[in-house]
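The structure under discussion appears below in the form of structure tokens.
The values are calculated or read from the model by the stated rules, or taken from the named source; none is laboratory data. What you see is a predicted model, and the numbers here were worked out from it, not measured in a lab. Cβ: placed from backbone, ideal geometry, glycine included. Neighbour counts: every protein chain shown. Note: accessible area is taken over every heavy atom of the protein model, side chains too, but ligands, DNA and RNA are not part of it. Shrake-Rupley method; radii C 1.70, N 1.55, O 1.52, S 1.80 Å.
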Amino acid sequence: MIRVLLADDQTLVRAGFRSILSDEDDIEVVAEAANGAEAIAGAREHRPDVVLMDIRMPELDGLEATRRIAGDPALGDVKVIILTTFDLDDYVYGALRAGAGGFLVKDTEPAELIHAVRVVARGDALIAPSITRRLIAEFAGRVKRPEPGPELNALTEREREVMTLVAAGLSNDEIAARLVLSPATAKTHVSRIMTKLRVRDRAQLVVIAYEAGMITPGWLTP
């Protein structure tokens with residue numbers, strides 16, 4: 001069962017998401033929050049698998065709430081999906097760097113919402129990879145790139161290859177097919193990369209890959 005916490009300051013939005021998700025046999029909405037502070041408290045109390053987090057909320061916004069959840073070792077298994085409008089602001093890039101597993105637009109179709117929750121809960125792939133890649137690339141070009149950390153130098157040639165494919169939005173199965181590996185081996189490579197770079201999910205791998213210049217938009221067609 002996938003446990004979900006809904007964080008949005010609009011009661012009707014939460015009710016809509018709850019109605020959609022509660023119809024699924026494998027998803028349970030365990031709590032709701034009307035601001036970022038309540039979202040953090042709810043995450044600590046209920047330990048959900050996924051938090052659907054509105055980026056703009058009173059008292060404490062979704063960006064800061066995401067950063068605090070991602071930075072809490074006790075909440076290491078909690079994944080955050082940022083909810084926003086499509087013509088978004090600079091917050092999204094910061095949210096992904098802060099530890100969000102991806103993002104959804106608020107007017108997404110119900111089937112896409114359900115799929116996104118399942119995908120992020122298992123940590124298998126980014127949400128809407130093509131959109132996420134374009135968004136990250138856009139904001140990565142606007143901010144000052146930090147110097148790549150020494151952790152990148154610890155990656156093997158194969159791990160670098162795998163990381164660029166992760167950044168292109170490929171799933172473990174797609175990476176395995178492209179590199180002629182077993183899916184289990186591809187998954188092992190991804191896990192080792194995340195351990196070496198000390199990141200919690202694939203979204204942060206994408207951000208690091210762009211910031212380090214390992215990949216540019218459009219270089220690979222999955």
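Scan the range 181-190 and give yes if some residue there is within 16 Å of the chain's Cα centre (by Cα) and either at pLDDT 65 or above or buried (at least 20 other Cβ atoms within 10 Å of the Cβ) (or both), otherwise no. For the range 181-190, residues within 16 Å of the chain's Cα centre (by Cα) and either at pLDDT 65 or above or buried (at least 20 other Cβ atoms within 10 Å of the Cβ) (or both): present.
I'd like the residue in the range 1-13 that is free of Cβ contacts under 8 Å to residues at least 60 places away in the same chain and open to solvent by 30 Å² or more (accessible area, probe 1.4 Å) and, out of all such residues, is farthest from residue 85 (Cα to Cα). Among residues in the range 1-13 that are free of Cβ contacts under 8 Å to residues at least 60 places away in the same chain and open to solvent by 30 Å² or more (accessible area, probe 1.4 Å), the one farthest from residue 85 (Cα to Cα) is 1. Checking the range 173-186 against the condition returns a match, with at least one residue being touching a Pro at 6+ places or on another chain (Cβ under 9 Å) and in contact (Cβ under 8 Å) with a residue 40 or more places away in the chain. For the range 148-161, the tally of residues that are open to solvent by less than 20 Å² (accessible area, probe 1.4 Å) and either modelled with pLDDT of 95 or more or of a type in the set (Asp, Glu) (or both) stands at 1.
Residue-by-condition table, conditions (1) without any contact (Cβ under 8 Å) to a residue 60 or more places away in the chain; (2) open to solvent by 70 Å² or more (accessible area, probe 1.4 Å); (3) in a loop (DSSP other than H, G, I, E, B):
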position	(1), (2), (3)
18	yes, yes, no
21	no, no, no
30	yes, no, no
40	yes, no, no
52	no, no, no
81	yes, no, no
117	no, no, no
